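The next block holds one structure in the form of structure tokens; read it before the comments.
The values are calculated or read from the model by the stated rules, or taken from the named source; none is laboratory data. It should be emphasised that the depicted structure is a prediction, and the values quoted were computed from it without experimental measurement. Using ideal geometry, Cβ is built from the backbone for each residue, glycine included, and neighbour counts are taken over all protein chains shown. Protein only, heavy atoms only, side chains kept; ligands, DNA and RNA dropped before computing areas. Shrake-Rupley method; radii C 1.70, N 1.55, O 1.52, S 1.80 Å.
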Amino acid sequence: MARPEHPILTSNPHLEELAQWLRAQRRAAGVTHREMAEMSGHAFSATTFSRATDGKRIPRLRVVEAYARACRAPVKQAQRHWQAARTYAANQRTPARAEVPRLDHVYTRTQLNKALQHLYYTSGAMPVNEMERRAGAHGELPHSSVLRMLADQTLLEYAQLTAFLRVCGVTDGVEWERWRRAWQRAWKRQEMEKMGGRLARRHKSSTRSQRSTRDTNETAADVYSDFDRGPRFDFPLYVALAGRLPHSSDREPVAVAATDWV
């Protein structure tokens, strides 16, 4: 005789729906948790399947999917129940979020990241390690890149964006194109800002180099002037500056070219 199931005690209404749905599928299939573990190839234990419906915590998505397959239930429906439970839990932890910009109004990295963060939470806030695994190829969606994006510290590369959208369940072609255009605008803005920063640093470096050249030439002019006047010439100073001054047969200072920063 099967052991009676305990009441589901949770404040997350969507988690309760998930647990009730899974239990109903198992009863309809007439299988035990031990049999489900065997069907999964022992990827998960009978205890893991039992805990998936106790309501104490949200089970991993892989467990929910394996549970549905063992019961011959719709995996997509199981995913939707899991997603709703995760989204509710994420909203309870961080209820106040910045206003989400429309995709056709996205022009900067921060705006794009806000839209991606919203997609992440509304699609269930999947653990980033699981996202990396589901993305497929090694390094296609590094969990470190996802974490940095969620903290608005980086802009995902385009290949990473497509993997992120796929894992979050974005399949509509029109919606996909809106994301692509939003990313392209944010990427162009970021590249323009990087170029502006590089030009500003080069200009600053060039200005310092030109100032140093003027100082060197002024010092050289003073030394040669002292040499012409004879007694006032400071020979040790001339020796010290010899390494800094260009050679010239007529004793006239030669301008030192500014550093080429291009």
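Miscellaneous remarks
- Of the listed requirements (1) part of a loop (DSSP other than H, G, I, E, B); (2) crowded, with 18+ Cβ neighbours inside 10 Å, Val100 misses just one: (2).
- Residue in the range 151-158 that is within 22 Å of Arg178 (Cα to Cα), among the aromatic types (Phe, Trp, Tyr) and not in a loop (DSSP other than H, G, I, E, B) present: yes
- Residue pairs whose Cβ atoms lie under 8 Å apart, sitting 6 or more positions apart in sequence or on different chains, and linking a residue in the range 60-77 that is over 17 Å from Arg34 (Cβ atoms) to a partner that is basic (Lys, Arg), are Val75/Arg69.
- Note on the range 122-135: residues that are open to solvent by 60 Å² or more (accessible area, probe 1.4 Å) and in contact with a Ser or Thr (Cβ under 7 Å, 6 or more places away or on another chain) amount to 1.
- Count of the range 29-38 residues which are surrounded by fewer than 19 Cβ atoms within 10 Å (Cβ to Cβ), in contact with a helix residue (DSSP H, G or I) (Cβ under 8 Å, 6 or more places away or on another chain) and not hydroxyl-bearing (Ser, Thr, Tyr): 4
- Boolean, Ala68 is modelled with pLDDT of 95 or more, out of contact with any Leu (no Cβ under 6 Å at 6 or more places or on another chain) and either open to solvent by less than 60 Å² (accessible area, probe 1.4 Å) or hydroxyl-bearing (Ser, Thr, Tyr) (or both): yes
- Residue within the range 143-150 that is over 16 Å from Thr87 (Cα atoms) and among the polar types (S, T, N, Q) present: yes
- Among the numbered conditions (1) part of a helix (DSSP H, G or I); (2) within 26 Å of Tyr121 (Cβ to Cβ), the only one that Leu9 does not meet is (1).
- Within the range 46-62, considering residues that are within 27 Å of the chain's Cα centre (by Cα) and assigned to a helix (DSSP H, G or I), the one surrounded by the fewest Cβ atoms within 10 Å (Cβ to Cβ): Arg62
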